[in-house]
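See structure below.
The values are calculated or read from the model by the stated rules, or taken from the named source; none is laboratory data. Just so it is clear, the structure is predicted and the values come from calculations on it, not from any experiment. Positions of Cβ are generated from backbone atoms using ideal geometry, with glycine treated the same way; all protein chains shown enter the neighbour counts.
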Amino acid sequence: MYELLRTIHLIAVTPCLIIGAYLIYFSTKGSGNHINIGWAYMILMFFQAGISLFMEARVGPQFLNHFGWIHLLSILTIYTVPKSIYYIKKGDIKGHSRSMIILFWAGLIIAGGFTLVPWKVSIQCLFYIKNGYTL
């Protein structure tokens, strides 16, 4: 079951890296393109964070025999996505921008970085490593 959840999670999160970087650093804020792509980004981020809560922690200590420290980033994502929507609907551009940057860096870059440590399966998949580490 873990492998299926991991695959679904990776399929949802991978485009978020490109989409998030585009939205934050390159898109024209407030444009129709930014809004439409932003909705897709928010849905993917919320979905992948939800999926990740069903994946047991495989590194470090576990809480309740399932959750690990990495799950705190999932909770942050599940909190930040609706909060960002609230900010933009309220007209608080700074709040929206700040929460989106936090979401991108904490939810994707930092969490993604944790998955690329040498003993993790993700780095093996990324570099097609089999039978040992041959970086």
Residue match in the stretch 40-54 (condition: at negative phi and surrounded by fewer than 12 Cβ atoms within 10 Å (Cβ to Cβ)): no
Some residue of the stretch 47-63 being among the β-branched types (Val, Ile, Thr), within 22 Å of GLU3 (Cα to Cα) and at pLDDT below 85: yes
Yes/no for ASN65 being out of contact with any helix residue (DSSP H, G or I) (no Cβ under 8 Å at 6 or more places or on another chain) and over 25 Å from THR115 (Cα atoms): no
Scan of the stretch 18-39 for residues that are surrounded by 12 or more Cβ atoms within 10 Å (Cβ to Cβ) and small (Gly, Ala, Ser), ordered by number: GLY20, ALA21, SER27, GLY38
Qualifying residue in the stretch 68-75 (condition: farther than 21 Å from LEU4 by Cβ, under 19 Å from the mean Cα position of the chain (by Cα) and at pLDDT below 80): yes
Pair list, Cβ < 8 Å and 6+ apart or interchain, from the stretch 1-28 residues that are within 12 Å of ALA40 (Cα to Cα) to residues that are exposed (fewer than 14 other Cβ atoms within 10 Å of the Cβ): ILE19/ALA40
